[in-house]
1. Sort 361, 422 so the one with the fewest other Cβ atoms within 10 Å of its own Cβ comes first.
2. Going 7 Å from the Cα of residue 429 along its beta-carbon direction, which residues of the stretch 252-272 have the amide nitrogen within less than 20 Å of the resulting point?
3. What FRET efficiency comes out for the pair residue 238/residue 332, r = Cβ-Cβ distance, R0 = 51 Å, nearest 0.05?
4. Could you give the length gained on full extension between residue 291 and residue 216, defined as 0.36 nm per residue of separation minus the Cα-Cα distance, in nm?
5. Between residue 209 and residue 450, 0.36 nm times their residue separation minus their Cα-Cα distance comes to what?
6. Counting only C-alpha contacts under 8 Å and six or more residues apart, can you give the relative contact order of the chain as a whole percent?
7. By how many degrees, 0 to 90 and rounded to 10, does the Cα axis of helix 200-224 deviate from the longest principal axis of the chain?
8. Using the 10 angstrom Cβ neighbour count as an exposure proxy, how do 277, 42 rank, fewest first?
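Just so it is clear, none of the values below were taken in a lab; they were calculated from the coordinates. Owing to the predicted nature of the structure, the values given are computational and were not obtained by experimental measurement. For neighbour counting, all protein chains shown are included, and Cβ atoms are generated from backbone atoms with ideal geometry for every residue, glycine included.
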């Protein structure tokens, strides 16, 4: 009888804590930086088309983030249960959970595509898109809405790799996809090398093609390198049980992640009251912001598997050390990024447009909001920690506090009575309060786990 192939797995329960965090976070940071460059590169070329196209992307990106956030939530669920299975060294459980969660991801992605195509006009009108912007939005998203399958499966598959301690391969795949997107964007937008000039829709086609390549590569490696795809009847018969386990963390984690882009979509509709320049500027600023926060995203993606494996092994001292290191890094790196963005705010804004109004608003955002990045980064990691220990509900409360209780009403008040700069200040205050609450909550949760 042939020996069953085993998934490559890195044991995170032994060895220096900082070594594991750095080894996992750096390639993940590179991959995320590359992945986020999709939007950055798109905006760079779209800015050449005109400010209406730039404003249209301001609405589109908010919708895109809702779907990506759902993927992140589902990824958190599978990462949590798989990391604990890896800590217990249960190979059959790893295959069953990975296979069935990926199948569920396929079903969910098709659902997003159908709903998205049926709700284009009403959705973006509610968000505040006017008659000048809506045709551009429709041109882009009728193509992009075929992307959810090629976004969600790679993200879920990547979380499987991370749960098994491997972030290097996922980071490389994300980097290669970003390079392909950067090459295809100008070719399809401007019609270079004999290709048709597709304009605004060219960016959507470039994204769709490169994400399909990433999707194909992820499936190949999960099948032939990690050996976690198993379509045997005995595996598929556990579909419901597997999904229930994944969604125990995945549903609250999805809620946590989707709260943020949903509120961001509402906020962009509020900011639209200041005009299309304000929408375009906020989109430029938040794109720069996403790249600035890449190390926080990377760290939050690896602390989950680390805590999950060590919880499965009962290593609480290593978990405490991880929390301490994560907090210190977030505060120091956040402070450095705030200083750097304050110095380069205007220069970075002019990379996308020379419209004076857009540059001014972008600069204001990058002077005010980055002050809170350190504690915002801590919120990301704390939410990942709660997911990894199988207690996702506190993360929901922390994100709800940050965006629903604080950010949304405060920005609305600012739009009614104050300038846009005051709205940016309220966003910063919301991040700071949520970060402080999150830190003390995770410390309390860990103390309670140790007494069980």
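1. Least to most surrounded, the residues fall as 422, 361.
2. Counting only backbone N, you get 263-264, 267-268, 270-271.
3. For R0 = 51 Å, the calculated efficiency reads 0.70.
4. Once the chain is fully extended between residue 291 and residue 216, it gains 24.4 nm.
5. That pair, residue 209 and residue 450, stretches by 81.9 nm at full extension.
6. It rounds to 25 percent for the chain.
7. Helix 200-224 sits at roughly 10 degrees to that axis.
8. Least to most surrounded, the residues fall as 277, 42.
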